[in-house]
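Just below is one structure, and these are the notes that go with it.
The values are calculated or read from the model by the stated rules, or taken from the named source; none is laboratory data. Being a predicted model, the structure only gives us computed values, none of them experimental. Here the Cβ is made from the backbone with ideal geometry for all residues, glycine too, and neighbour counts use every protein chain on show. Side chains included, ligands, DNA and RNA excluded: accessible areas come from the protein's heavy atoms. Shrake-Rupley method; radii C 1.70, N 1.55, O 1.52, S 1.80 Å.
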Amino acid sequence: MTAIAAVAALSGCGMFGGPSELECMERAMYFESNRSSRDGMVAVGSVVMNRVESGRYPRSVCGVVGQKNQFARGVMKRRMDARSAPMIRSAAVSVLRGERHPMIGDAQFFHTASYRAKYDNMHYVLTTGGNAFYERRKPELVRQPFPLPPIEGITGR
C-alpha cells in the first residue's frame, strides 16, 4: 500500500467516493466476529490482509470484503450499531497499520466455530471470537483437521 493510500485508508477518505479501506475493514470485523473479542476482530482482519497480499483475491481491503459470497451477507450495506464503533475502529486501524493475530499464520478462511465441515483440506490454526480459522492444504499436509479450543486474550491492548 502506498503512503497516500495508507493515509487515505486510515483517515476515512474513500478514493473515488466509495468506502475507505478503514470502513471496509471495520465492516468485516463487525459482521464476522464476536464484537466482544479483540482477538476475533484482529483474526478476521488478518484473514482479510492475507487475502489482499495473496495475489489470488482483489488487491484491496474493500475488494476482498466486498467480494460476492465471501463475507457476511450485506457486509457492505447493512447498518452497524455505533456502540461497538470505538473498539472496532481501534482494532481495524491496528490491522491496517500492520498488526496480525500471531496465531493466524497464512490462514485465508474461517467459519463459525460451531460449524463442522466435512472437507479433508482444512488445517485449523485458531479458534477465537466465535470463529475457527484455517488454511486450505492438500489433505496429506493437514495436521489439525478439527477446530482448536477457543483462545482469547492474545492481542489484548
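Table for the structure above
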quantity	calculated
Asn34 vs. criteria part of a loop (DSSP other than H, G, I, E, B), closer than 23 Å to Glu135 by Cα and either open to solvent by 20 Å² or more (accessible area, probe 1.4 Å) or modelled with pLDDT under 95 (or both)	yes
Matching option when the condition is touching a helix residue (DSSP H, G or I) at 6+ places or on another chain (Cβ under 8 Å) and part of a loop (DSSP other than H, G, I, E, B), among Arg143, Arg89, Arg100, Arg116	Arg100
Pick from segment 77-86, criterion over 11 Å from Glu26 (Cβ atoms) and assigned to a loop (DSSP other than H, G, I, E, B), ranking: least open to solvent (accessible area, probe 1.4 Å)	Asp81
Residue within segment 146-154 that is under 12 Å from Met29 (Cβ atoms) and not aliphatic (A, V, I, L, M) present	no
Qualifying residue in segment 65-85 (condition: touching a Leu at 6+ places or on another chain (Cβ under 8 Å) and modelled with pLDDT of 90 or more)	no
Tally of residues being in a strand (DSSP E or B), closer than 20 Å to Asp39 by Cα and not hydrophobic (A, V, I, L, M, F, W, C) across segment 122-140	7
Qualifying residue in segment 78-99 (condition: over 25 Å from Lys138 (Cα atoms) and touching a strand residue (DSSP E or B) at 6+ places or on another chain (Cβ under 8 Å))	no
Filter result (in a helix (DSSP H, G or I) and modelled with pLDDT under 95) within segment 6-22	Ala6, Val7, Ala8, Ala9, Leu10, Ser11, Met15, Phe16, Gly17
In segment 129-144, residue farthest from Met87 (Cα to Cα) [restricted to those that are in contact with a strand residue (DSSP E or B) (Cβ under 8 Å, 6 or more places away or on another chain), surrounded by fewer than 20 Cβ atoms within 10 Å (Cβ to Cβ) and modelled with pLDDT of 95 or more]	Leu141
Complete set of residues in segment 37-68 that are in a helix (DSSP H, G or I), of a type in the set (D, E, K, R) and open to solvent by 20 Å² or more (accessible area, probe 1.4 Å)	Arg38, Glu53
Residue satisfying all of: in segment 87-128; under 12 Å from Gly45 (Cα atoms) and of a type in the set (Lys, Arg); most open to solvent (accessible area, probe 1.4 Å) among these	Arg97
Near pairs, Cβ below 6 angstrom, 6+ apart or cross-chain, from segment 65-79 (closer than 19 Å to Met41 by Cα) to any residue that is surrounded by fewer than 10 Cβ atoms within 10 Å (Cβ to Cβ)	none
Residue in segment 105-113 that is over 15 Å from the mean Cα position of the chain (by Cα), at pLDDT 95 or above and over 15 Å from Glu26 (Cα atoms) present	no
